[in-house]
Amino acid sequence: MVNPVLLIVVPLALAFAVPLFGLISKKIVKFLPVVALLFNLIVSVMLLPKVMEQPIHVFIGGFSPPFCINLVAGPIGILFSVLIALVGLLVSVYALGYIKEGAIEKYHILYLLLITGATGVVLTGDIFNLFVFFEILCISSYSLVAYLGNKAGIESAVKYLLQGALGSSLILLGIGLLYAKYGTLNMADLAGNIHSIKSFSNFLPLVLLVTGLGVEAAIFPLNAWLPDAHSSAPSSISAILSGIAIEVGLYAVVRVVFTIFGASSFLVFLLFLGVLTLLIGEMSAFSQNNIKRMFAYSSIGQIGLILFALSIATPDGVSAGFFQLISHTLAKALLFLAVGYMIYRTGSMDISSLEGMGKKMPYTSLAFTIGVLSLVGMPPFIGFPSKLMIIRAALLKQETLFTVLVVLVLIATVIEGAYFFRVIQAIYFRGEKSEKKREGAPLSALIPLFIFVGLIVVIGVYPKLVTNFLDSTASELLNRLDYIKGVIG
Amino acid sequence: MNVIIATVLVLVMLVAAIAALIFKDLLNAVIASSVVSLIAAVIFYLLQAPDVAMAEAAIGAALVTAIFIIAIRRTKRFEE
Amino acid sequence: MRRIIAIALLAIIVMGISLAVREIPFGKTDTKVGEYYLNEGREETGAANIVTSVVVNYRGFDTLGEIAVLFTAAIGLGAVFGSRKKRKVAEEVEKSSLIVYTGCRFLFPVILLVGAYIFIYGHLTPGGGFQGGAVVASAFLLMYLTCRGKRVRDKSNKVVESLGGLIFVGMGLVGLVIGKGFLFNFLPKGEFLTLFSAGIIPIIYIAIGFKVGAELAGVLDNLIEESK
Amino acid sequence: MNFLSQYIYYIGAFGLFFIGLYIMLTKKNLIKVIIGLDILDTGVFLFLIAIGYTSGGTAPIFSKSVTETGKMVDPVPQALVLTGIVIGVSVLALALALAIRLYGHYGTLNLRKIKEQRW
């Protein structure tokens with residue numbers, strides 16, 4: 001059996017080794033992320049059925065928790081790791097042809113480190129270790145946002161960095177307060193000691209951690225950086241940031257709230273925050289003329305929706321939340337990748353410049369359209385069953401509050417539909433007869449695009465493929481005691 | 001006795017931090033913040049953390065200040 | 001306006017923190033994990049400096065992440081500067097005075113030696129890879145400032161950086177291969193309080209020292225090159 | 001006096017934290033904001049070290065003269081702060097590199113004047 005620690009160590013070791021490979025040949029370097037992510041994908045898919053029955057606990061250094069750092073490869077961790085490896089692999093294949101300028105070697109190192117950080121966050125069972133991997137994720141994102149080195153990129157990276165760094169300091173302070181009170185950093189051990197958040201010395205660390213992690217997760221008042229950062233990064237990086245980075249941030253928030261603090265009274269607050277994030281994201285997206293900014297705002301909206309679903313805190317709600325997370329990751333990564341070559345082609349991010357794309361780049365436009373339809377929640381794509389599950393889970397609660405919130409979610413979906421159809425209209429039904437010759441994206445871009453399309457359609461038609469796994473993720477998140485027992489014994 | 005030393009150190013440190021807040025000349029502000037780091041290193045030593053004191057002195061006070069000064073030399077020295 | 005909002009926000013946080021801190025008395029720590037490390041650390045890891053045994057052995061995975069953070073920042077800094085076209089720096093480098101130059105030539109190896117001492121003896125005395133690495137980097141800073149025109153060679157810097165990281169990971173993987181878990185301290189612990197003790201701790205700390213030194217020197221080099 | 005011996009380190013730590021936070025929230029100059037970040041980080045580190053202190057404890061290092069565990073301070077916060085310091089300097093170096101590039105593009109470091117992108 002493969003040790004889950006390799007999921008973190010192999011990309012990290014390859015990242016360290018890139019400069020050495022670079023001395024041998026510059027051409028090998030860009031294939032290293034593909035190799036690492038292929039490895040991660042195979043390993044995590046192999047582990048997936050096993051961990052559904054019994055989570056694998058890894059004790060690093062050969063000591064026993066809480067005296068060592070431990071990894072918890074449970075259903076959630078491995079599900080995320082599959083998602084990260086899958087999206088990461090497809091994006092790295094896309095990047096083979098897409099990244100041509102700048103310090104290419106450094107791009108690939110940072111990309112590998114970003115993957116390492118994301119995988120580390122979802123697998124670790126130690127709060128400080130989570131902080132360290134979170135920093136790897138954040139710092140590599142800051143640098144990758146600035147990768148193009150143009151005005152917009154640098155400016156967004158500065159904003160992102162300042163907010164992210166402030167958030168990190170708050171996380172560290174929160175961890176310090178927790179350690180001062182409980183004398184341990186192991187998440188399960190902490191969870192075993194924390195019984196309520198009524199006492200102020202428990203409540204403050206919760207607020208600090210949620211605030212700090214919420215910056216990366218782009219929860220409403222903390223998301224000012226996101227539209228700039230996601231729209232001015234290279235498109236392959238936008239795909240990873242929108243598809244992986246904010247989801248991992250959200251995972252960390254949820255893990256802290258549910259597992260460490262078991263804060264059921266805090267969930268109402270998150271519920272409202274989720275719906276607020278959703279509405280604000282979708283309404284801002286509506287007024288955008290820049291296509292990448294529109295997607296970025298739509299990501300904010302989707303994060304709000306996922307947060308809403310997870311905060312329902314019933315098994316149905318949590319499964320629906322994770323399903324929506326998967327569906328958003330696939331669709332948004334697809335959209336950013338597709339739009340990357342459209343922008344490359346026209347040289348402008350304005351929606352009006354996409355007019356007539358349906359004829360100029362037919363395959364890319366097709367993939368793009370499917371991504372949009374899935375995101376809006378049209379059958380038979382993956383977005384439909386996931387949104388349906390969320391609404392069902394919320395209505396099953398049978399409380400007026402949830403009914404009102406569901407109405408708001410539906411309104412947001414209508415807004416989402418409105419602005420996305422504007423884009424589709426521009427692509428297919430407007431624009432002059434194309435005098436330019438057809439010139440699609442290269443094969444290295446089309447293959448990942450159509451693998452995404454395939455996944456979106458297949459899972460959309462057979463949602464059982466994914467939902468089978470989701471029940472055990474929900475029980476991992478909701479049954480704190482099992483988690484604690486699994487680690488401490 | 002220790003309390004008095006600690007109090008004096010903390011007060012000087014806070015004054016240096018406020019100086020870093022007030023100075024319009026960024027170079028002075030950086031020097032003030034390096035004083036903060038240096039005194040923090042001494043306090044770490046008083047709190048029986050020699051490893052951290054060394055790290056703070058070598059990294060926080062020396063290297064960070066050097067990086068700041070390099071950056072200021074490349075940009076503007078005065079705050080607008 | 002902004003100031004008033006900031007002060008109001010700060011006032012709320014002051015209240016919150018002072019309420020929480022009241023429950024944390026100063027100077028009365030007896031934490032479960034800390035006590036365990038103090039009592040068992042000597043036997044289990046063989047290092048005299050318990051902070052080192054925590055940093056490298058008990059929480060070694062954090063340290064691996066930490067050098068990855070520094071690596072990320074160093075590479076990111078290179079990427080931020082590297083994406084601009086390299087200007088040809090052909091300006092005349094102004095020579096330092098003879099005394100400064102000679103002093104630098106004399107001090108440079110001494111500082112390097114001090115740095116190396118700090119990280120080699122990290123498991124016995126205060127200090128370790130990070131502190132030693134920072135001292136090594138400060139030696140390079142001295143060289144950049146006084147003996148202008150001298151550069152650390154990009155290639156050798158890269159090799160040291162990579163090898164440092166790979167030795168750390170490799171040491172961890174050996175533990176995994178012999179079946180005791182990643183970063184298991186598989187070497188004999190040796191005699192307490194001697195240089196050759198504590199198993200893999202000194203090896204890892206030396207690797208960290210080299211890596212941190214190379215990275216910080218690279219960061220300084222990048223920044224100084226840019227500021228010409 | 002008793003109050004001081006109880007709280008002086010906490011006062012120092014949170015004093016730095018608040019001054020740093022205030023600088024970050026109100027200052028316009030990017031380098032000044034980064035200085036604020038540095039001060040804020042130092043405050044957090046000081047707090048972490050202070051919570052690990054045991055009255056009358058010694059540094060957690062054995063030597064020829066110190067062979068008993070006796071009263072030693074908690075080593076874990078020290079390990080955390082070591083990690084924190086390195087992370088702090090990484091972020092700082094990256095931030096300053098970005099500041100240099102930003103200045104190259106705009107000719108100013110005044111964050112209020114840099115508004116190419118709408119928020």
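The values are calculated or read from the model by the stated rules, or taken from the named source; none is laboratory data. Being a predicted model, the structure only gives us computed values, none of them experimental. Positions of Cβ are generated from backbone atoms using ideal geometry, with glycine treated the same way; all protein chains shown enter the neighbour counts. Areas reflect the complete protein model, heavy atoms only, side chains present, ligands, DNA and RNA absent. Shrake-Rupley method; radii C 1.70, N 1.55, O 1.52, S 1.80 Å.
Odds and ends about this structure:
- Per-region count, the stretch C:46-62, residues at the interface with another protein chain (Cβ under 7 Å from one of its Cβ atoms) and in a helix (DSSP H, G or I): 9
- Residue list for the stretch C:136-170, restricted to those being β-branched (Val, Ile, Thr) and over 18 Å from residue C:223 (Cα atoms): C:159, C:160, C:167, C:169
- Residue in the stretch D:52-63 that is open to solvent by 10 Å² or more (accessible area, probe 1.4 Å), touching a Pro at 6+ places or on another chain (Cβ under 6 Å) and among the aliphatic types (A, V, I, L, M) present: yes
- Identity of the residue in the stretch A:66-75, within 14 Å of another protein chain (Cβ to nearest Cβ) and in a loop (DSSP other than H, G, I, E, B), that ends up nearest to the chain's Cα centre (by Cα): A:69
- Given (1) open to solvent by 10 Å² or more (accessible area, probe 1.4 Å); (2) facing another protein chain (nearest Cβ under 7 Å), index of the condition residue C:4 fails: (2)
- Considering the stretch C:16-45, and only residues there that are polar (S, T, N, Q) and outside any helix (DSSP H, G or I), the residue that is nearest to the other protein chains (Cβ to nearest Cβ) turns out to be C:31.
- Test for residue A:38: is it under 25 Å from the mean Cα position of the chain (by Cα), under 28 Å from residue C:74 (Cα atoms) and away from every other protein chain (no Cβ under 14 Å): yes
- Flag if residue A:148 is within 8 Å of another protein chain (Cβ to nearest Cβ) and under 24 Å from the mean Cα position of the chain (by Cα): yes
- Within the option set C:139, C:79, being in a helix (DSSP H, G or I), surrounded by fewer than 23 Cβ atoms within 10 Å (Cβ to Cβ) and either within 10 Å of another protein chain (Cβ to nearest Cβ) or modelled with pLDDT of 85 or more (or both) holds for one residue only, C:139.
- Single residue of the stretch D:93-113 satisfying the filter (open to solvent by less than 10 Å² (accessible area, probe 1.4 Å) and free of Cβ contacts under 8 Å to residues at least 60 places away in the same chain) that is farthest from residue A:294 (Cα to Cα): D:93
- Any hit, the stretch D:29-46, residues being facing chain C (nearest Cβ under 10 Å) and of a type in the set (Phe, Trp, Tyr): no
- If the condition is being at the interface with another protein chain (Cβ under 7 Å from one of its Cβ atoms) and out of contact with any Leu (no Cβ under 9 Å at 6 or more places or on another chain), then the stretch D:47-56 contributes D:54, D:55.
- Within the stretch A:114-145, the residues that satisfy the criterion of being more than 13 Å from the chain's Cα centre (by Cα) and β-branched (Val, Ile, Thr) are A:116, A:124, A:127, A:132, A:136, A:139, A:145.
- Matching option when the condition is touching a Pro at 6+ places or on another chain (Cβ under 7 Å), part of a helix (DSSP H, G or I) and either open to solvent by less than 90 Å² (accessible area, probe 1.4 Å) or on the phi > 0 side of the Ramachandran plot (or both), among A:476, A:416: A:476
Yes/no matrix, rows are residues, columns are (1) open to solvent by less than 10 Å² (accessible area, probe 1.4 Å); (2) basic (Lys, Arg); (3) not in a loop (DSSP other than H, G, I, E, B):
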{"residue": "A:64", "(1), (2), (3)": "no, no, no"}
{"residue": "A:77", "(1), (2), (3)": "yes, no, yes"}
{"residue": "A:113", "(1), (2), (3)": "yes, no, yes"}
{"residue": "A:129", "(1), (2), (3)": "yes, no, yes"}
{"residue": "A:136", "(1), (2), (3)": "yes, no, yes"}
{"residue": "A:147", "(1), (2), (3)": "yes, no, no"}
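- Every listed requirement among (1) open to solvent by less than 10 Å² (accessible area, probe 1.4 Å); (2) assigned to a helix (DSSP H, G or I); (3) in contact (Cβ under 8 Å) with a residue 40 or more places away in the chain is met by residue A:51 save one, (3).
- Where helices (runs of 4 or more DSSP H) fall wholly inside the stretch B:2-80, the ranges with 1 or more residues that are more than 24 Å from residue C:213 (Cα to Cα) and open to solvent by less than 20 Å² (accessible area, probe 1.4 Å) are B:2-22, B:26-46.
- Qualifying residue in the stretch A:80-103 (condition: within 14 Å of chain C (Cβ to nearest Cβ), assigned to a helix (DSSP H, G or I) and not small (Gly, Ala, Ser)): no
- Some residue of the stretch A:270-282 being crowded, with 24+ Cβ neighbours inside 10 Å, closer than 30 Å to residue A:352 by Cα, of a type in the set (Gly, Ala, Ser) and touching a residue at least 12 places away in the same chain (Cβ under 8 Å): yes
Yes/no per residue for (1) at pLDDT 90 or above; (2) under 15 Å from residue D:99 (Cα atoms); (3) not charged (D, E, K, R):
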residue: B:42; (1), (2), (3): yes, no, yes
residue: B:51; (1), (2), (3): yes, no, no
residue: B:55; (1), (2), (3): yes, no, yes
residue: B:58; (1), (2), (3): yes, no, yes
residue: B:63; (1), (2), (3): yes, no, yes
residue: B:68; (1), (2), (3): yes, yes, yes
residue: B:75; (1), (2), (3): no, yes, yes
residue: B:78; (1), (2), (3): no, yes, yes
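Table: residues versus (1) open to solvent by 40 Å² or more (accessible area, probe 1.4 Å); (2) among the basic types (Lys, Arg); (3) touching a Lys or Arg at 6+ places or on another chain (Cβ under 7 Å); (4) within 20 Å of residue C:58 (Cα to Cα).
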site	(1), (2), (3), (4)
C:183	no, no, no, yes
C:189	yes, yes, no, yes
C:193	yes, no, yes, yes
C:199	no, no, yes, yes
C:213	no, no, no, no
C:221	no, no, yes, no
C:224	no, no, no, no
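- Residue match in the stretch C:148-158 (condition: part of a helix (DSSP H, G or I), within 11 Å of another protein chain (Cβ to nearest Cβ) and buried (at least 19 other Cβ atoms within 10 Å of the Cβ)): yes
- Yes/no for residue D:79 being under 24 Å from the mean Cα position of the chain (by Cα), under 19 Å from residue A:163 (Cβ atoms) and of a type in the set (A, V, I, L, M, F, W, C): no
- Qualifying residue in the stretch B:62-80 (condition: under 17 Å from residue D:47 (Cβ atoms) and in contact with a Gly (Cβ under 9 Å, 6 or more places away or on another chain)): no
- Restricted to the stretch A:154-268, the set of helices (runs of 4 or more DSSP H) holding at least 1 residues that are surrounded by 24 or more Cβ atoms within 10 Å (Cβ to Cβ) and within 14 Å of chain C (Cβ to nearest Cβ) comprises A:187-193, A:200-217, A:226-232, A:235-240.
- Residue check, residue D:64 without any contact (Cβ under 8 Å) to a residue 60 or more places away in the chain, among the basic types (Lys, Arg) and facing chain C (nearest Cβ under 7 Å): yes
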